[in-house]
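Working notes, structure below.
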């Protein structure tokens, strides 16, 4: 198995963000499964809004306000991260008013690609570029207790 993909080894300081990325990849999978299963688009759109308000919005804020200030502000990857955050947020806000299958698929792809970029490029760069004491600062602020939220009740992504 020469082409076997090995899991990315993440520094303990950025692990909280990577765990949230896992949740976001599940979010992407759920959207895609819902579309594949013919779930009512409005239900998927409501799920998207719920996930934004309870998970993704705070995650973006943490990356921009805790992680990004530890990196050079004009770094191309930092700029790309912020631009992708803006694009994803715009898709979510459009989704609020216009639930559309193509838009939901575009959103799922954008979130998926964004996570892959951060995990494969931005985070490895950050782990090398940020001194240990500042990485520990990032971890301390990411580790603060998060508000608990209920999970989404309607598991539309499962085949009925």
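The values are calculated or read from the model by the stated rules, or taken from the named source; none is laboratory data. Just so we're clear, the structure is a prediction, and the values are computed from it rather than from any experiment. Please note: Cβ atoms are built from the backbone with ideal geometry, for glycine as well, and neighbour counts cover all protein chains shown.
Could you go through the stretch 11-27 and let me know if any residue there is in contact (Cβ under 8 Å) with a residue 24 or more places away in the chain, more than 26 Å from residue 129 (Cβ to Cβ), loosely packed, with under 15 Cβ neighbours inside 10 Å and under 15 Å from the mean Cα position of the chain (by Cα).
No - not one qualifying residue is present in the stretch 11-27.
Please give the number of the condition residue 132 fails out of (1) over 18 Å from the mean Cα position of the chain (by Cα); (2) modelled with pLDDT of 95 or more.
Result: residue 132 passes all but (2).
Exactly one of (1) under 14 Å from the mean Cα position of the chain (by Cα); (2) surrounded by 14 or more Cβ atoms within 10 Å (Cβ to Cβ); (3) farther than 16 Å from residue 18 by Cβ is unmet by residue 112. Its number?
Residue 112 satisfies every listed condition except (3).
Does residue 120 satisfy the condition of being loosely packed, with under 12 Cβ neighbours inside 10 Å and modelled with pLDDT of 95 or more?
Values: loosely packed, with under 12 Cβ neighbours inside 10 Å: yes; modelled with pLDDT of 95 or more: yes.
Spelling it out, residue 120 is indeed loosely packed, with under 12 Cβ neighbours inside 10 Å and modelled with pLDDT of 95 or more.
Going through the stretch 61-96 one residue at a time, which ones are exposed (fewer than 15 other Cβ atoms within 10 Å of the Cβ) and not in a helix (DSSP H, G or I)?
72, 73, 74
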